[in-house]
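Data first, discussion second: the structure below is written as structure tokens.
The values are calculated or read from the model by the stated rules, or taken from the named source; none is laboratory data. Every value quoted in this text rests on a predicted model; they were computed, and no experiment measured them. Neighbour counts run over all protein chains shown; Cβ positions are idealised from the backbone, glycine included.
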Amino acid sequence: MKLQIMKKVLFCIAFCLSVLSTLNAQNLEKSLLWEISGNGLTKSSFLFGTIHMTCDASIDEDVKKALDDTSLLVLELDMDDPSMQAEMMKGLYMNNEKTLKDMVSEDDYVIISEFVKAQMGMPLEMLGNVKPFFISAMFYTKILGCPVQSYEDALMKIAHEQNEDVLGLETIEEQLSVFDDIPYEDQAEDLLRSAKDNLVYDKESFTKMLALYDSEDIEGIDKMMLEDKNLTTTKHRDKMLDNRNKNWVSKIENFSKEQATFYGVGAGHLAGKNGVIKLLRKAGYTVKAVN
């Protein structure tokens, strides 16, 4: 059962992270694909905003061309790493043997328990001391309403066909440590909100986000999240998004100096004053939309 839970969380966690961003007064063009050049680079690299859970992860021709013009695929995580699942298991659980019962009232615990039972067919006790965010992440496959596809899988398929390596901008340990920095109590509050309305708000938000993604409106995704009800999105946006973007820029620079690289990261990482596009421009690179 733990392996099943881990697989659900591993598939969903990137989606949850991918839609978090900050407001930027200067709007960027509607584009998911961006060319990185200048500042001493001999060849262009490309930055592509993905969505990790969708009904159709077909790759457009301009993205295929960018993949053809590069020799390395770099995602948020090295999805080819055989140790990923084992490392994922280590990061699922709260520190100090805390459980959800330590963070919510008895009545609220009953609400969450009944919600988990109805949605997942398992007693909440089976999840033990799993971090509340990861319990919430388990439900995202249920709100999509179609067989799940992933752009990461599609990009990796092409990279493998081209005999290219797949690497990551951060380790699974680095990604999961975010959910130790965010108070478990705030994660539990978000889970309780989802349970109280039986995913109604989550489904509405997901539908809106998918529409914005399909229109390549990265600024729209950015602004939408300012009104989000989830504390992990609003109150802890610095931990969920900004700090990670800043850490990625130096790695993007290093990869790009070595070879032309295709970067696939959640679309929510692109826009905003602390988004990857503006941070790369601030570092001296030319980053322009490929429309």
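Within segment 185-208, the set of residues being among the aromatic types (F, W, Y) and under 18 Å from the mean Cα position of the chain (by Cα) comprises F206 only. Summed over segment 105-132, residues that are under 27 Å from the mean Cα position of the chain (by Cα) and either under 13 Å from E185 (Cβ atoms) or of a type in the set (S, T, N, Q) (or both) total 5.
For segment 227-267, a residue qualifies if it is at pLDDT below 95, touching an Asp or Glu at 6+ places or on another chain (Cβ under 8 Å) and among the hydrophobic types (A, V, I, L, M, F, W, C), and exactly one does: L231.
Selection over segment 197-231 of residues that are outside any helix (DSSP H, G or I) and touching a residue at least 24 places away in the same chain (Cβ under 8 Å) gives a count of 7. Pairing each residue of segment 150-174 that is modelled with pLDDT of 95 or more with any residue that is charged (D, E, K, R), provided the two are 6+ apart or on different chains, yields C-beta distances under 6 Å for V166/D80; L167/D78; G168/D78; L169/E76; L169/K251.
Quick check on T50: is it surrounded by 15 or more Cβ atoms within 10 Å (Cβ to Cβ), of a type in the set (S, T, Y) and more than 23 Å from K251 (Cα to Cα)? Taking the combined requirement at face value, the residue does not satisfy it. Reported count of residues in segment 187-216, each being over 19 Å from C55 (Cα atoms), buried (at least 16 other Cβ atoms within 10 Å of the Cβ) and among the polar types (S, T, N, Q), is 2.
Restricted to segment 125-140, and to residues there that are outside any helix (DSSP H, G or I) and out of contact with any Cys (no Cβ under 7 Å at 6 or more places or on another chain), the residue that is surrounded by the most Cβ atoms within 10 Å (Cβ to Cβ) is K131.
Suppose the filter is small (G, A, S) and at pLDDT below 95; does A86 pass it? For A86, the condition - small (G, A, S) and at pLDDT below 95 - is met. Residues in segment 232-279 that are within 29 Å of G38 (Cβ to Cβ), assigned to a helix (DSSP H, G or I), touching a residue at least 40 places away in the same chain (Cβ under 8 Å) and of a type in the set (S, T, Y): S256 only.
Just one of the listed residues (D186, D222, D190) is within 22 Å of Y151 (Cβ to Cβ) and acidic (D, E), and it is D222. For segment 189-224, which positions are among the polar types (S, T, N, Q), closer than 21 Å to G266 by Cα and in contact with a helix residue (DSSP H, G or I) (Cβ under 8 Å, 6 or more places away or on another chain)? S205 - this is the single residue of segment 189-224 that is among the polar types (S, T, N, Q), closer than 21 Å to G266 by Cα and in contact with a helix residue (DSSP H, G or I) (Cβ under 8 Å, 6 or more places away or on another chain).
For segment 29-44, residues that are in a strand (DSSP E or B) and over 19 Å from A271 (Cβ atoms) total 1.
Candidates in segment 256-281 are the residues that are within 16 Å of I221 (Cα to Cα) and among the β-branched types (V, I, T); of these, the one that is surrounded by the most Cβ atoms within 10 Å (Cβ to Cβ) is V276.
Looking across segment 103-124 at every residue that is farther than 18 Å from D197 by Cα and in contact (Cβ under 8 Å) with a residue 40 or more places away in the chain, the one that is surrounded by the most Cβ atoms within 10 Å (Cβ to Cβ) is identified as M103. Report yes if I252 is more than 22 Å from P183 (Cβ to Cβ) and touching a Gly at 6+ places or on another chain (Cβ under 7 Å), otherwise no. When the stated conditions are applied, I252 does not pass them.
Checked against (1) closer than 23 Å to V148 by Cα; (2) modelled with pLDDT of 95 or more; (3) not β-branched (V, I, T), F46 meets all criteria but (1).
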